[in-house]
Amino acid sequence: MGHLFSKKTPSKVTEQDKAVLQLKTTRDKIRQYQKRSEATLEKDRQLAKQLLHNGRKERALLLLRKKRFIEEQLKKTDGTLENIEKMIQDIEFAQIEMKVVDSLKIGNEALKQVNQMLNIEDVERILDETQEAAEKQQEISDLLSGGALTEDDESAVEEELDALIAAAVEKQLPEAPTPAQNPEVVLPDVPEEMPREPEKAQEKQREKIALAAS
């Protein structure tokens with residue numbers, strides 16, 4: 001039991017991972033050095049101004065020389081950081097490429113296994129068996145339903161269908177109106193002469209004329 005519990009699992013950290021970690025650690029240290037150096041440069045600049053103000057020119061000159069040396073070192077660290085960053089990116093991209101290649105290998109092996117399990121002969125045999133089973137099922141269905149219709153039966157069915165369609169169309173047509181439902185309209189004859197006015201109307205007309213003349 002003690003042996004089982006003391007068994008260690010294999011580490012998944014690769015040599016590339018270790019190299020990337022070491023490069024990132026170096027990069028961080030260089031950045032810290034740059035920050036400290038920039039702070040020192042600012043202090044030396046202010047101190048040199050103060051020394052010149054106090055008349056201590058030699059001491060100010062010494063600080064400016066030190067400042068110049070630190071500035072040159074910072075320029076070198078900029079190039080070093082650029083190289084480290086590029087190397088980190090190259091290693092990480094190479095790791096991605098390795099994972100892609102491993103995935104392709106696994107996929108290729110899986111595809112080969114599938115092709116071995118299902119070859120062309122097996123597929124053709126399965127299709128043939130499926131077709132035979134479908135034909136047998138159709139034969140059983142025909143027997144249970146009394147068999148398929150003959151040509152005469154099909155013709156009789158079509159004639160019956162045509163008759164049903166004709167009856168449905170005839171039922172939808174409107175019926176013609178009978179003479180009782182639509183009698184002819186007899187118009188009265190137009191008289192050749194205008195009817196004469198009644199005698200009373202003529203007398204009233206004469207009276208109006210006489211009054212107008214008087």
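For Arg59, the accessible area of its heavy atoms, probed at 1.4 Å with every protein chain present, is near 110 square angstrom.
Based only on Cα atoms, what Rg/Rh ratio does the stretch 54-159 have, Rh being taken as Kirkwood's radius? Looking at the stretch 54-159, the ratio lands at 1.80. Excluding ligands, DNA and RNA, the accessible surface per residue across the stretch 1-142 is 87 Å² with a 1.4 Å probe.
Compared with the direct C-alpha span, the chain from Ile120 to Val13 gains 34.1 nm at full extension, assuming 0.36 nm per residue.
The values are calculated or read from the model by the stated rules, or taken from the named source; none is laboratory data. Worth saying up front: this structure is predicted, and the values here are computed from it rather than measured. Note: accessible area is taken over every heavy atom of the protein model, side chains too, but ligands, DNA and RNA are not part of it. Shrake-Rupley method; radii C 1.70, N 1.55, O 1.52, S 1.80 Å.
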